[in-house]
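The values are calculated or read from the model by the stated rules, or taken from the named source; none is laboratory data. All values reported here derive from a predicted model rather than from experimental measurement. Methodologically, a virtual Cβ is constructed for each residue, glycine included, from the backbone with ideal geometry; neighbour enumeration extends over all protein chains shown. What goes into the accessible areas is simple: the full protein's heavy atoms, side chains included, and nothing from ligands, DNA or RNA. Shrake-Rupley method; radii C 1.70, N 1.55, O 1.52, S 1.80 Å.
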Amino acid sequence: IRLFRAMFTVAFFALLRVGEMTVTPGRPNHAICISSVNNSFPQFMEFIIPSSKTDQLARGHPIRLMPHNFAPHICPVSNLHNYLLVASPKHYLFETYAGSPVSRDRFGLVLRKALRFSGMIPGTFASHSFRIGGATFLHDQGLSDEAVATAGRWRSGAYKLYIRT
């Protein structure tokens with residue numbers, strides 16, 4: 001539970017693409033490595049996305065997560081910290097307790113199970129819903145368009161397609 005709670009809240013608040021946090025066959029270098037994590041709990045958590053759709057040259061992109069004390073159960077800093085207290089990832093930040101990196105397929109499977117358990121219809125949400133929800137949340141909090149685009153690492157006006165009002 002701690003692993004996927006951390007993954008879901010980090011994906012939402014960091015506006016991550018699922019491929020930036022999971023291992024995809026043939027593209028293992030896109031996932032966040034444990035060596036890039038700066039665990040400064042409770043003040044913040046930082047990590048580097050080694051490469052992504054908008055970083056094909058693999059320059060890396062730092063992400064800093066701040067605590068969300070208004071809703072502790074969905075705080076990405078607390079959830080990531082709680083996962084790291086019991087997990088011992090060897091290479092990737094998000095690994096199963098058996099030591100395997102979480103795959104895109106596994107992430108989607110657990111998301112669908114969590115949605116069913118919550119009484120929601122799994123087909124109405126997908127892994128990209130975290131990115132959409134995060135962008136909408138930031139917009140609803142009054143962040144400027146530029147701040148939302150920066151948070152999601154968008155270089156064009158494409159971020160506007162993610163904001164749902």
**Asked** Do you know which residues across segment 63-90 are touching a strand residue (DSSP E or B) at 6+ places or on another chain (Cβ under 6 Å) and not hydrophobic (A, V, I, L, M, F, W, C)?
**Response** Arg64, Pro76, Pro89
**Request:** Tell me which residues, restricted to segment 129-165, are open to solvent by 70 Å² or more (accessible area, probe 1.4 Å), assigned to a loop (DSSP other than H, G, I, E, B) and touching a residue at least 12 places away in the same chain (Cβ under 8 Å).
**Result:** Arg155, Arg164, Thr165
**Request:** Go through (1) without any contact (Cβ under 8 Å) to a residue 24 or more places away in the chain; (2) surrounded by fewer than 16 Cβ atoms within 10 Å (Cβ to Cβ); (3) on the phi < 0 side of the Ramachandran plot and name the single condition Thr54 misses.
**Result:** (1)
**Request:** Report the residue count in segment 115-128 for those that are under 16 Å from the mean Cα position of the chain (by Cα) and open to solvent by less than 60 Å² (accessible area, probe 1.4 Å).
**Result:** 2
**Request:** Could you please let me know if Leu109 is open to solvent by 70 Å² or more (accessible area, probe 1.4 Å), free of Cβ contacts under 8 Å to residues at least 60 places away in the same chain, assigned to a helix (DSSP H, G or I) and hydrophobic (A, V, I, L, M, F, W, C)?
**Result:** yes
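Condition check ((1) of a type in the set (Asp, Glu); (2) under 12 Å from the mean Cα position of the chain (by Cα); (3) at pLDDT 90 or above; (4) more than 14 Å from Val102 (Cα to Cα)) across all residues:
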{"site": "Arg5", "(1), (2), (3), (4)": "no, yes, yes, no"}
{"site": "Thr22", "(1), (2), (3), (4)": "no, yes, yes, no"}
{"site": "Phe41", "(1), (2), (3), (4)": "no, no, yes, yes"}
{"site": "Met45", "(1), (2), (3), (4)": "no, no, yes, yes"}
{"site": "Ser52", "(1), (2), (3), (4)": "no, no, no, yes"}
**Request:** Could you tell me whether segment 84-106 includes any residue that is assigned to a helix (DSSP H, G or I), under 26 Å from Thr165 (Cα atoms) and not acidic (Asp, Glu)?
**Result:** no
**Message:** Here are the criteria: (1) under 19 Å from Ser40 (Cβ atoms); (2) open to solvent by 60 Å² or more (accessible area, probe 1.4 Å); (3) not polar (S, T, N, Q). Tell me which single one Leu93 does not satisfy.
**Reply:** (2)
**Prompt:** Do we have Ser156 as under 19 Å from Ile74 (Cβ atoms) and either in contact with a Gly (Cβ under 7 Å, 6 or more places away or on another chain) or at pLDDT below 95 (or both) here?
**Reply:** no
